[in-house]
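Below is one structure; the comments refer to it alone.
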Amino acid sequence: MIFQHFRIVLRRSQTLSLVAFALAMIGALASCGDFDRSKQGDLAAEKIPSAVIYHFTSYGYHNGKREWYLQSEKAEVFSLEKKTIVYKFTLYHYDEQGRQRYQISSDTGTLFDETQDIYLSGNVVAENDEQTVLKTETLKYSKKEKLVTTPDPVRVERPNGDVLLGTGMRADMGFKKIELLANVRGIRN
């Protein structure tokens with residue numbers, strides 16, 4: 001009698017309900033087994049983001065004042081790894097008076113949640129409020145050291161037309177103090 005009632009309910013329901021019921025039953029049965037999720041490894045977690053956001057924007061504030069603004073075409077959030085990867089992005093940084101100190105852009109950026117370090121790669125371009133432009137392929141910002149570094153070739157263009165070239169660099173976050181580490185040469189305009 002119960003089985004006949006069940007058959008009547010299924011005849012009256014939509015196909016979607018039957019599929020949902022079947023999936024729920026399969027899920028319940030699978031969770032009863034001896035499946036050890038810890039043996040999956042982190043490979044799957046590395047490849048599949050927890051969230052994907054298009055036309056991503058984010059703001060950072062300090063003591064009630066905007067400190068930075070980030071915009072990107074796409075952001076992938078990896079919750080387990082505590083990092084976010086942004087694509088085609090620009091970061092604007094402001095001083096205490098609200099003036100833009102610099103902007104930096106690249107093809108890809110990785111933002112690490114715990115350390116708040118940033119790793120940029122691909123067509124990295126930074127410009128400070130003095131119109132000094134820095135170009136390189138990768139850049140790493142260490143929040144703890146308040147230092148920007150790269151091992152790659154660097155091109156620094158000054159507003160007067162002078163150009164500095166070198167390999168490897170260390171700089172403060174505002175790109176006011178830039179130290180080229182090797183193969184340094186200049187082009188005076």
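The values are calculated or read from the model by the stated rules, or taken from the named source; none is laboratory data. Not measured: the values here are computed from a predicted model. Positions of Cβ are backbone-derived with ideal geometry, glycine not excepted, and every protein chain shown enters the neighbour counts.
Mind listing whichever residues of the range 115-129 are among the charged types (D, E, K, R) and farther than 16 Å from residue 155 by Cα?
Taking the range 115-129 and keeping what is among the charged types (D, E, K, R), we get 117, 127, 129.
Matches in the range 115-129: 117, 129.
Applying a threshold of 8 Å to beta carbon distances and a minimum spacing of six or more residues, or different chains, the list of pairs starting in the range 79-104 at a residue that is touching a residue at least 40 places away in the same chain (Cβ under 8 Å) and closer than 16 Å to residue 57 by Cβ and ending at one that is outside any loop (DSSP other than H, G, I, E, B) and of a type in the set (D, E, K, R) reads 93/67; 93/101.
Right, residue 60: at pLDDT 50 or above, under 30 Å from residue 129 (Cβ atoms) and in contact with an Asp or Glu (Cβ under 6 Å, 6 or more places away or on another chain) or not? So residue 60 passes the test.
Exactly one residue out of 17, 79 is under 36 Å from the mean Cα position of the chain (by Cα) and either surrounded by 12 or more Cβ atoms within 10 Å (Cβ to Cβ) or modelled with pLDDT under 90 (or both): that is 79.
Residue 138 meets all of the listed conditions (1) under 19 Å from residue 95 (Cβ atoms); (2) without any contact (Cβ under 8 Å) to a residue 40 or more places away in the chain but one, namely (1).
Scanning the range 103-141 for residues that are modelled with pLDDT under 90 and either among the aromatic types (Phe, Trp, Tyr) or buried (at least 21 other Cβ atoms within 10 Å of the Cβ) (or both) yields one hit, 128.
All conditions in (1) surrounded by 13 or more Cβ atoms within 10 Å (Cβ to Cβ); (2) assigned to a strand (DSSP E or B) hold for residue 179, with the sole exception of (1).
Please verify whether residue 109 is out of contact with any Lys or Arg (no Cβ under 9 Å at 6 or more places or on another chain) and either farther than 25 Å from residue 81 by Cβ or in a strand (DSSP E or B) (or both), treating the condition exactly as stated. Yes: the conditions hold for residue 109.
Looking only at the range 161-169, decide whether some residue is without any contact (Cβ under 8 Å) to a residue 24 or more places away in the chain and either under 25 Å from residue 54 (Cβ atoms) or part of a loop (DSSP other than H, G, I, E, B) (or both). Talk me through it step by step, then tell me what you get.
Filtering the range 161-169 for residues without any contact (Cβ under 8 Å) to a residue 24 or more places away in the chain gives 164-168.
With the extra rule that they be either under 25 Å from residue 54 (Cβ atoms) or part of a loop (DSSP other than H, G, I, E, B) (or both), the set shrinks to none.
No, the range 161-169 contains no residue that is without any contact (Cβ under 8 Å) to a residue 24 or more places away in the chain and either under 25 Å from residue 54 (Cβ atoms) or part of a loop (DSSP other than H, G, I, E, B) (or both).
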